[in-house]
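Colleague: Have a look at the structure that comes next, please.
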Ligand SMILES: NC(=O)c1ccc[n+]([C@@H]2O[C@H](COP(=O)([O-])OP(=O)(O)OC[C@H]3O[C@@H](n4cnc5c(N)ncnc54)[C@H](O)[C@@H]3O)[C@@H](O)[C@H]2O)c1
Ligand SMILES: [Zn+2]
Ligand SMILES: [Zn+2]
């Protein structure tokens, strides 16, 4: 039996998204049908609808979600109907060359549902990041479901499914923040703010938040930033150096992903320091750096996909930190909205009004 449900679809590049009825098949082997309870609006959804990721319209948006397993396909073990799960876009294969080397967070062959979800006329949808979760129900690979403590409310838990995990992991997993380190984070939306919180939890001595919006900087202070820099008013590189004894930070996280922020990150880090790029650049952007500086400054230039997380390891651990009051996921939820409000949420994101708008169902 297929399910007809309401879902948020981006039909063409740059056009407003619409709520449409889509068809979700019953789960086959290796698949699960999940009733979505909450799904955050991530900047990557906006990148999709702007054609910034690829041209495979129509997209079924939403990918930062938590919900209940409603049904599983034949032979599925490990999850069952009723389980509270966070959806992930890294269902590792266990067999590719990354998995074989014991580094499954780089898995090159992650699993998604095999059966397509479609519009009513049969047009297949491209689910954002292989999920699609601005909907009453969605179909995913079972490995995309990570069971966590159901005591966590869905609106908060779901955020670990993308942006918060990406930012937290960019600092803690990819950047490997150490006790006493200095860390600067450029761009404090949902992703960057989670990097700030992660750096604090990992024991960074200085956590410097950079944004163009004073409201984000105020919020960053309550999330663990020890210093803030208004990128509109100050020379970011100079300001970070001033705050770090003239040297630059041990780790700079670029949670924007533009050439100007990447250059700031590159020069605001100390010699032998690390840059982690977690913001997603658009296809037309390039960055030019003197190769001698790339060589001479040493250290590491890294990218972070999904915070190099392993959902089965990291989601339950972060939910435990949340439930014990040490990681305030609720602070990321600026507002809860309905399925029909995603376009408005993009507007608010664009104007910097929100950390996360979360669709609740
Ligand atoms: N790598 C990953 O796995 C991953 C996962 C999720 C999101 N992302 C990406 O991370 C980026 C941030 O996502 P988000 O949801 O936090 O977005 P957001 O729009 O909520 O936040 C972006 C923030 O950057 C600030 N900003 C913009 N330009 C700036 C500049 N020049 N200097 C300083 N601050 C600036 C904005 O004021 C805003 O606070 C996006 O590119 C998104 O696609 C990456
Ligand atoms: Zn793999
Ligand atoms: Zn995302």
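The values are calculated or read from the model by the stated rules, or taken from the named source; none is laboratory data. Quantities reported herein were computed from a predicted structural model and do not represent experimental measurements. Every residue, glycine as well, gets a Cβ built from its backbone with ideal geometry; the counts of neighbours run over all protein chains shown.
Colleague: Would you list the strands (runs of 3 or more DSSP E) that sit entirely within region 258-350 and hold 2 or more residues that are in contact with a strand residue (DSSP E or B) (Cβ under 8 Å, 6 or more places away or on another chain) and within 28 Å of residue 19 (Cβ to Cβ)?
Modeller: The qualifying strands (runs of 3 or more DSSP E) are 333-337.
Colleague: Residue 29 - would you say it is in contact with a strand residue (DSSP E or B) (Cβ under 7 Å, 6 or more places away or on another chain), surrounded by fewer than 17 Cβ atoms within 10 Å (Cβ to Cβ) and within 19 Å of residue 138 (Cα to Cα)?
Modeller: The answer is no for residue 29.
Colleague: Can you pull out the residues in region 221-241 that are part of a loop (DSSP other than H, G, I, E, B) and within 24 Å of the chain's Cα centre (by Cα)?
Modeller: Going residue by residue through region 221-241, those that are part of a loop (DSSP other than H, G, I, E, B) are 224-226, 231-235.
Hits for region 221-241 are 224, 225, 226, 231.
Colleague: Sticking with this one: Condition check: free of Cβ contacts under 8 Å to residues at least 40 places away in the same chain and not assigned by TED's automatic domain parsing to the domain that holds residue 273. Does residue 150 satisfy that?
Modeller: It is false that residue 150 is free of Cβ contacts under 8 Å to residues at least 40 places away in the same chain and not assigned by TED's automatic domain parsing to the domain that holds residue 273.
Colleague: While we're here: Residues in region 282-299: is at least one modelled with pLDDT under 95, near ligand 1 (Cβ under 10 Å from one of its atoms) and closer than 29 Å to residue 134 by Cα?
Modeller: Checked region 282-299: at least one residue is modelled with pLDDT under 95, near ligand 1 (Cβ under 10 Å from one of its atoms) and closer than 29 Å to residue 134 by Cα.
Colleague: Determine, yes or no, whether residue 158 is buried (at least 23 other Cβ atoms within 10 Å of the Cβ) and out of contact with any helix residue (DSSP H, G or I) (no Cβ under 8 Å at 6 or more places or on another chain).
Modeller: In short, yes.
Colleague: Here's something else I'd like to know. Look at residue 189 and say whether it is under 13 Å from the mean Cα position of the chain (by Cα), within 14 Å of ligand 3 (Cβ to nearest atom), buried (at least 24 other Cβ atoms within 10 Å of the Cβ) and under 17 Å from residue 42 (Cα atoms).
Modeller: no
Conditions tested, residue by residue: (1) crowded, with 16+ Cβ neighbours inside 10 Å; (2) touching a residue at least 40 places away in the same chain (Cβ under 8 Å).
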site	(1), (2)
278	yes, yes
283	no, yes
288	no, no
311	yes, yes
339	yes, yes
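Colleague: With the condition kept exactly as written, say whether any residue in region 115-132 is within 16 Å of ligand 3 (Cβ to nearest atom) and farther than 15 Å from residue 161 by Cα. Talk me through it step by step, then tell me what you get.
Modeller: First pass over region 115-132, keeping only residues within 16 Å of ligand 3 (Cβ to nearest atom): 126-132.
Next, from what is left, pick out any that are farther than 15 Å from residue 161 by Cα: 126.
Checked region 115-132: at least one residue is within 16 Å of ligand 3 (Cβ to nearest atom) and farther than 15 Å from residue 161 by Cα.
Colleague: Further question on the same structure: Looking only at region 167-186, which residues are buried (at least 24 other Cβ atoms within 10 Å of the Cβ) and within 14 Å of residue 273 (Cα to Cα)?
Modeller: 171, 174, 175, 177, 182, 183, 184, 185
Colleague: Do we find a residue being away from ligand 2 (no atom under 16 Å from the Cβ), in a strand (DSSP E or B) and either more than 22 Å from residue 169 (Cα to Cα) or at pLDDT below 95 (or both) anywhere in region 85-104? Write out each step before concluding.
Modeller: First pass over region 85-104, keeping only residues away from ligand 2 (no atom under 16 Å from the Cβ): 85-87.
This time we only want the ones that are in a strand (DSSP E or B), so: 85-87.
Okay, now just the ones that are also either more than 22 Å from residue 169 (Cα to Cα) or at pLDDT below 95 (or both), so none.
The answer is no, given that none of the residues of region 85-104 is away from ligand 2 (no atom under 16 Å from the Cβ), in a strand (DSSP E or B) and either more than 22 Å from residue 169 (Cα to Cα) or at pLDDT below 95 (or both).
Colleague: Sort out which residues of region 196-212 are surrounded by 23 or more Cβ atoms within 10 Å (Cβ to Cβ) and under 12 Å from residue 256 (Cα atoms), and write them in order of number. Spell out the reasoning first.
Modeller: Applying the first criterion (surrounded by 23 or more Cβ atoms within 10 Å (Cβ to Cβ)) to region 196-212 yields 196-199, 204, 207-211.
Selection gives 210, 211.
Colleague: How many of the residues in region 20-57 are within 16 Å of ligand 1 (Cβ to nearest atom) and outside any strand (DSSP E or B)?
Modeller: Number of matching residues: 14.
Colleague: Any chance region 58-65 includes a residue that's within 16 Å of ligand 1 (Cβ to nearest atom), at positive phi and either assigned to a loop (DSSP other than H, G, I, E, B) or touching a residue at least 24 places away in the same chain (Cβ under 8 Å) (or both)?
Modeller: Checked region 58-65: at least one residue is within 16 Å of ligand 1 (Cβ to nearest atom), at positive phi and either assigned to a loop (DSSP other than H, G, I, E, B) or touching a residue at least 24 places away in the same chain (Cβ under 8 Å) (or both).
Colleague: Given the conditions (1) in contact with a strand residue (DSSP E or B) (Cβ under 7 Å, 6 or more places away or on another chain); (2) at positive phi, report the number of the one that residue 181 does not fulfil.
Modeller: Condition not satisfied by residue 181: (2).
Colleague: Please determine, by comparing only the residues of region 105-121 that are farther than 19 Å from residue 133 by Cβ and more than 7 Å from ligand 2 (Cβ to nearest atom), which one is farthest from the chain's Cα centre (by Cα).
Modeller: Among those that are farther than 19 Å from residue 133 by Cβ and more than 7 Å from ligand 2 (Cβ to nearest atom), it is 121.
Colleague: Can you tell me which residue among 81, 124 is over 24 Å from the mean Cα position of the chain (by Cα), surrounded by fewer than 17 Cβ atoms within 10 Å (Cβ to Cβ) and touching a residue at least 12 places away in the same chain (Cβ under 8 Å)?
Modeller: Step by step, each of 81, 124 is checked, and only 81 is over 24 Å from the mean Cα position of the chain (by Cα), surrounded by fewer than 17 Cβ atoms within 10 Å (Cβ to Cβ) and touching a residue at least 12 places away in the same chain (Cβ under 8 Å).
Colleague: Checking residue 261 against (1) surrounded by fewer than 22 Cβ atoms within 10 Å (Cβ to Cβ); (2) in contact (Cβ under 8 Å) with a residue 24 or more places away in the chain; (3) farther than 19 Å from residue 202 by Cβ, which test does it fail?
Modeller: The single condition residue 261 does not satisfy is (1).
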